[in-house]
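This report refers to the structure that appears directly beneath it.
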Number of protein chains: 2
Amino acid sequence: MTVPGADRPISDLGEDALVAGVIRRYPGASWLRVGPGDDAAVLDLPGGGLLAAIDTLVEDLDFRRAWSGGRDVGVKVAAQNFADLAAMGGRPMALLVSLALPGDVPVGWAHELADGVAAECARAGAVMAGGDLAEADQIVVTGSAIGTLDSRPAVLRSGAVAGDLVAVAGELGRSAAGLALLEAGIDVGAPGEDPVLAGLVAEHLRPVPPYAAGPAAARAGATAMIDTSDGLLRDAGRIARASGVVLDLDPVSLTPGPVLLAAARRLGWGGVDAGAWVRSGGEDHALVACFPADRPLPDGFRAIGRVRSAPPAGSGAVLVGGRRPQGPSGWVLFGGPRLSG
Amino acid sequence: MTVPGADRPISDLGEDALVAGVIRRYPGASWLRVGPGDDAAVLDLPGGGLLAAIDTLVEDLDFRRAWSGGRDVGVKVAAQNFADLAAMGGRPMALLVSLALPGDVPVGWAHELADGVAAECARAGAVMAGGDLAEADQIVVTGSAIGTLDSRPAVLRSGAVAGDLVAVAGELGRSAAGLALLEAGIDVGAPGEDPVLAGLVAEHLRPVPPYAAGPAAARAGATAMIDTSDGLLRDAGRIARASGVVLDLDPVSLTPGPVLLAAARRLGWGGVDAGAWVRSGGEDHALVACFPADRPLPDGFRAIGRVRSAPPAGSGAVLVGGRRPQGPSGWVLFGGPRLSG
């Protein structure tokens, strides 16, 4: 089946429109409770709700071999996938990994990748269950994670209601700050450098999603949740659109803390906006969730805003202090920044 | 952790040794009944045994855009993954698909891929459950399939015993014959061409695994099973090695039939070995299984050999008519043939 514009390059159409167009082509099934379009799929199987997610890392887009060792990439592919399960309120149980790579990659790189995968599986309480190997011109690593909801309903993107608190667990902007330090060529391990800088680079290379906060949010009655893969504003916008509400974030709670300011200072402030790291830096894999305002937030979450009812034609917006934020909203595929660029 | 030879390129080491080295690095878990190394993982979850597999298609290695439309690639990625579940005796229930591609690919190609995935999901009785989109220099499509064992134990590669019959369900050599026709530049759709040739090309582009034969084999007491992704001899060798036996195949049952001979004739016989298509052509995704010889074979299976006890140092061999076969055994990664080459 072809549609008008089928000959256009996908870079013209953009990621969100392409995904929406593709999703419409898939029928449902009685055992598919949540299909494409949320952080993970929810399958109704005899033993209860099962979560499944898939996520890919591409060399020079999502990592550079000059900066990331095999172990870093292994940790990252596991963490990205497990964060998607946590964002549904679930607990990771297993990971599959497909590795496509050129034949000239050293054997040790593949072994390190396996070690990174195994380490992050252990941190998440999950197990590496299977894989595939393929040859390709650049390294492409795909993880697929399976998890359990422990008999709870999944927390979708679509349940936020006006009056809810918006809260976050995990860090915002640290991955972006670490990337900025790498891009500036700063040797953060050199004598005399502030050790927090090395920590930021480490968090960029090996994200540390707060897995336990996902089920904790579900137990505390979270109405909607997502992980910050593409940046707070962009991912919060996905909750706002799916729920038909506006998320109004508190500018004070998005003020960069001393660690981010240390990085901005080290970068000489020139062209550096530490606030933009917080608002639109991707790949921290923090959890952003909405909660009924009449209950205490679960451990690990801090409030960063309120859910408001959407005015006509204003549904899906994310505001900061009641206004549309300026500047980039987050990571964009096809024409966005490339690590190699 | 590094090992001696960690600096060697993986093309030196080869696929099987690399996989073995990587698998050793993964610990198990109480809920992982079958981990890396078989066709699919078996997870012990509250509701019973769950199957999970992952498999990747890379442009110019596994398909060429000049020959395969998006729909073909969508069918193929679903079929390869579901065949892995069938090879464990399971029934496909869901598929996740990650699509990495350059920004200049037409939107219609991605839509056709979705249509192919949806069509093959429907044929297998499964549902497309979720996906991911990434940017890459060449198209890399990864599928991850989830299935159920319907409370039966999984059929592994490792259970074949001396005296078993070796049997196959599905076609052998048709995908390889279709590829040879494409490589020769023959327009199989032209007027006057034998229509069986177009059928062979179609089976190369869109494999047709006999999904129902997987659970049927399990119900009939199959002791070992695998699907022919890399060619009969290579995949039968994996059963032989995992089971510590020898598989002795009957040369008469591996004789090319009239359809393959029609393709060989059309190719002028020059350099064409239709028997090699049967023995070592990959990507048919037929099911090769071993069965106790005292019971009838299930519908769809035909006997092609016997399992024999392994002589000292001979474990893992595949013989044809009692002898080591000559010629290539099947598809090999890293240094093997490339579709683009």
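The values are calculated or read from the model by the stated rules, or taken from the named source; none is laboratory data. Note that the structure is a prediction, hence the values are computed from the model and not measured. A quick note on method: Cβ atoms are made from the backbone with ideal geometry, for glycine too, and the neighbour counts reach across all protein chains shown. For accessibility, only protein heavy atoms count, side chains too; no ligands or nucleic acids. Shrake-Rupley method; radii C 1.70, N 1.55, O 1.52, S 1.80 Å.
Among the strands (runs of 3 or more DSSP E) confined wholly to the stretch B:1-84, which include 2 or more residues that are at the interface with another protein chain (Cβ under 7 Å from one of its Cβ atoms) and either without any contact (Cβ under 8 Å) to a residue 24 or more places away in the chain or surrounded by 15 or more Cβ atoms within 10 Å (Cβ to Cβ) (or both)?
B:41-45, B:48-58
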If a residue must be buried (at least 23 other Cβ atoms within 10 Å of the Cβ) and outside any helix (DSSP H, G or I), how many such residues does the stretch A:230-241 contain?
1
For residues in the stretch A:117-128 being assigned to a helix (DSSP H, G or I) and surrounded by fewer than 24 Cβ atoms within 10 Å (Cβ to Cβ), which is nearest to the other protein chains (Cβ to nearest Cβ)?
A:A118
Of the listed residues (B:A198, B:A184, B:A177, B:A217), the one being over 26 Å from B:V246 (Cα atoms) and under 17 Å from the mean Cα position of the chain (by Cα) is B:A177
Consider A:P298 against the criteria (1) within 30 Å of A:A78 (Cα to Cα); (2) open to solvent by 50 Å² or more (accessible area, probe 1.4 Å): it satisfies all of them except one. Which criterion is unmet?
(2)
Taking B:R206 as the residue in question, decide whether it is more than 30 Å from A:G14 (Cα to Cα) and out of contact with any Phe, Trp or Tyr (no Cβ under 9 Å at 6 or more places or on another chain).
no
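Please list, ordered by residue number, the helices (runs of 4 or more DSSP H) wholly in the stretch B:166-223 having 1 or more residues that are closer than 25 Å to B:E112 by Cα.
So the answer is B:174-183, B:195-205.
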Return the residues of the stretch A:129-144 that are open to solvent by less than 10 Å² (accessible area, probe 1.4 Å), hydrophobic (A, V, I, L, M, F, W, C) and facing another protein chain (nearest Cβ under 9 Å); say none if nothing qualifies.
A:A129, A:A134, A:A136, A:V140
Could you tell me whether B:S158 is open to solvent by 10 Å² or more (accessible area, probe 1.4 Å), touching a strand residue (DSSP E or B) at 6+ places or on another chain (Cβ under 9 Å) and small (G, A, S)?
yes
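Here is a list: A:D248, A:D230. Which entry is among the charged types (D, E, K, R) and out of contact with any helix residue (DSSP H, G or I) (no Cβ under 9 Å at 6 or more places or on another chain)? Walk me through how you get there before you give the answer.
Details: A:D230 fails: out of contact with any helix residue (DSSP H, G or I) (no Cβ under 9 Å at 6 or more places or on another chain).
Unique residue meeting the criteria: A:D248.
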Quick check: is even one residue across the stretch B:133-142 under 23 Å from the mean Cα position of the chain (by Cα) and at pLDDT below 95?
no
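Being free of Cβ contacts under 8 Å to residues at least 40 places away in the same chain, of a type in the set (G, A, S), open to solvent by less than 10 Å² (accessible area, probe 1.4 Å) and more than 29 Å from B:V168 (Cβ to Cβ) narrows it down to one of B:G108, B:G103, so name that one. Give the derivation first.
Details: B:G103 fails: open to solvent by less than 10 Å² (accessible area, probe 1.4 Å).
Step by step, each of B:G108, B:G103 is checked, and only B:G108 is free of Cβ contacts under 8 Å to residues at least 40 places away in the same chain, of a type in the set (G, A, S), open to solvent by less than 10 Å² (accessible area, probe 1.4 Å) and more than 29 Å from B:V168 (Cβ to Cβ).
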